[in-house]
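Only one structure is covered here, and it is reproduced in the block below.
The values are calculated or read from the model by the stated rules, or taken from the named source; none is laboratory data. As the structure is a computational prediction, the values presented were derived from the model and not from experiment. For neighbour counting, all protein chains shown are included, and Cβ atoms are generated from backbone atoms with ideal geometry for every residue, glycine included.
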Amino acid sequence: MSGYFGSYVVVGILLLAGVAIFAGGLFANRLLRPHRPTADKLTTYECGVDPVGDGWAQSQVRYYVYTYLYVVFAVDAVFLFPWATVFAAPGFGLTTLVEMFVFLAFIALGILYAWRKRVLAWT
Amino acid sequence: MLEAVLDTALRLVLIIGAFLLLPLLVGQLEHKAMAHMQSRLGPMYAGGFHGWAQLIADGVKFVQKEDVIPAAADRAVFKLAPAVALVPYLVVMVVIPVGPGLYGVDLDAGIFFVLAVMGVGVLGSIMAGWSSANKYSVLGGMRSAAQLMSYELPLVLAASSVAMAAGTLSLHGIVEAWQWWWLPWQAIGAVVFFVAGLAELRRPPFDMPIAESEIIMGPMTEYSGLRFALFMLSEYVGIVVLSALTTVLFLGGWQGPLLPGPVWTLIKIFALAFVVIWVRVSYPRLREDQLQRLAWVGLVPLALLQLAITGVVKVL
């Protein structure tokens, strides 16, 4: 377990352990549980009345604009991480600080624009 | 070689033990603290002494329950969703240090790894919401997705502020670099991170996606038995992980006077878990538009402000 990717082997083992816990729990469940399905039991729950129409009903998604906003800003934010580890290293100092304010200004301007366009409001 | 393997195995066993035990402690704390805040007693019967075995009894009950999958559901996705909600939190625990040298592995992309994997957990609730073929669940799943979108950004920005302060992404390195004066310095970031984390866990007052009195547990409406229990477990593991991350990133992890390091870490984790419970009892649920507004108009600008403060203090 050495080298850069060696430590991710441990992460992989833990992932497998998590899957095993899930599978083991459900296996124990299978041994212990009753199984008596009836048509009524398997209907979709809708507060006790018979379900109306399809479960995947159409609805207006009001917050789809947030998805765009998120994608734009998250892509920006990803670049923060490699930058964050070196920005105060000797020789960078003020230059990177100014760059940071340029970055912040871009994001702030984006949010201000979205706010001005009223996409942050519900209606 | 053998020694290294045994060492790793011991660490993993301890992590899995914490993964199975700590959520139960937090759950029991929630039962009792919430009850007393509401002038009730909470569980008193199971196990004899103040109902200490209540959650074990619940587990024994859940494992014997029938596994009902609605006829209309998308079976494969429906069955898989609880695992997708639960397992990422276990994987995140591998990088959380509880003391000097006490961690599963020390990844040098620590924070980045944690944020990426925690985002996967929310997919479980979106999968559950869509695959149930139930109107409440679809609504709840959509709301979960919208909430993840909005609160991931302040979470990432607040976390990167700490990375800037410490000059490393490794969680172990961050705690080692931590000084007491980081508390006021990173205070805004800490609040933003904790609040955004609460929203990502869909805990009250950010529980619009599961709102039991409105859309009947949202994505979990159709779930019963052990699969439902696993969703509940993932919520409580989520509380542990969020409290632990806030502790490690903002509260100095194992650093503290007198007591040994791991004890300090646990004290801080449980204090934050208590705050999570306290907030649940104290605040009414935010409406969906208020939720989105808080993220974009409140938390994101605050996180940007924190980045500016961190940068200026660090360089000057």
If you go through the range B:54-92, how many residues are within 7 Å of chain A (Cβ to nearest Cβ) and acidic (Asp, Glu)? 2
When the range B:51-74 is checked residue by residue, the ones that are surrounded by fewer than 16 Cβ atoms within 10 Å (Cβ to Cβ), free of Cβ contacts under 8 Å to residues at least 24 places away in the same chain and either part of a loop (DSSP other than H, G, I, E, B) or hydroxyl-bearing (Ser, Thr, Tyr) (or both) are B:Gln64, B:Ala71
Residue that is in a loop (DSSP other than H, G, I, E, B) and not acidic (Asp, Glu), where the choices are B:Val87, B:Val105, B:Val77, B:Val92: B:Val105
Of all residues being facing another protein chain (nearest Cβ under 7 Å) and free of Cβ contacts under 8 Å to residues at least 24 places away in the same chain in the range B:272-300, which is farthest from B:Leu148 (Cα to Cα)? Just the residue, please. B:Val297
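Residue under question is B:Gly110, and the condition is that it be at pLDDT below 85, crowded, with 22+ Cβ neighbours inside 10 Å and not charged (D, E, K, R); does it hold? First the steps, then the outcome.
Working: at pLDDT below 85: yes; crowded, with 22+ Cβ neighbours inside 10 Å: yes; not charged (D, E, K, R): yes.
Criteria met by B:Gly110.
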Only residues that are more than 22 Å from B:Ser150 (Cβ to Cβ) and either within 23 Å of the chain's Cα centre (by Cα) or small (Gly, Ala, Ser) (or both): list them for the range A:93-123, please. A:Gly93
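With respect to B:Ala116, determine if the residue is at pLDDT below 85 and either assigned to a helix (DSSP H, G or I) or out of contact with any Phe, Trp or Tyr (no Cβ under 9 Å at 6 or more places or on another chain) (or both).
Spelling it out, it is not the case that B:Ala116 is at pLDDT below 85 and either assigned to a helix (DSSP H, G or I) or out of contact with any Phe, Trp or Tyr (no Cβ under 9 Å at 6 or more places or on another chain) (or both).
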If you check every pair at least six apart or on different chains, which have Cβ atoms under 7 Å apart with a residue in the range B:225-242 that is of a type in the set (Lys, Arg) first and a residue that is modelled with pLDDT of 90 or more second? B:Arg227/B:Pro82
The lone exception for A:Ala20 - which of (1) closer than 24 Å to B:Gln292 by Cα; (2) more than 7 Å from chain B (Cβ to nearest Cβ) it fails: (1)
Among the residues of the range A:20-36, the number that are loosely packed, with under 14 Cβ neighbours inside 10 Å and either assigned to a helix (DSSP H, G or I) or among the polar types (S, T, N, Q) (or both) is 8
Tally, over the range A:24-68, of residues that are more than 7 Å from chain B (Cβ to nearest Cβ), under 20 Å from B:Thr221 (Cβ atoms) and aliphatic (A, V, I, L, M): 3
Count of the range B:140-171 residues which are more than 19 Å from A:Val86 (Cβ to Cβ) and more than 7 Å from every other protein chain (Cβ to nearest Cβ): 11
Flagged in the range B:5-41 as under 23 Å from B:Val241 (Cα atoms), among the β-branched types (Val, Ile, Thr) and within 11 Å of another protein chain (Cβ to nearest Cβ), in numbering order, are B:Thr8, B:Val13, B:Ile15, B:Ile16
Can you tell me which of (1) under 22 Å from A:Phe81 (Cβ atoms); (2) away from chain A (no Cβ under 11 Å) is the one B:Met127 doesn't meet? (1)
Taking the range B:134-172, which residues are over 20 Å from A:Val119 (Cβ atoms), part of a helix (DSSP H, G or I) and either without any contact (Cβ under 8 Å) to a residue 60 or more places away in the chain or out of contact with any helix residue (DSSP H, G or I) (no Cβ under 7 Å at 6 or more places or on another chain) (or both)? B:Lys135, B:Val138, B:Leu155, B:Val156, B:Ala163, B:Ala166, B:His172
Considering only the range B:214-233, how many residues are small (Gly, Ala, Ser), surrounded by fewer than 24 Cβ atoms within 10 Å (Cβ to Cβ) and either modelled with pLDDT of 90 or more or part of a helix (DSSP H, G or I) (or both)? 2
Yes/no for B:Pro100 being in contact (Cβ under 8 Å) with a residue 40 or more places away in the chain and either under 18 Å from A:Val19 (Cβ atoms) or within 10 Å of chain A (Cβ to nearest Cβ) (or both): no
I'd like to know if the range A:4-14 contains one or more residues that are at the interface with chain B (Cβ under 8 Å from one of its Cβ atoms), surrounded by 12 or more Cβ atoms within 10 Å (Cβ to Cβ) and of a type in the set (Ser, Thr, Tyr). yes
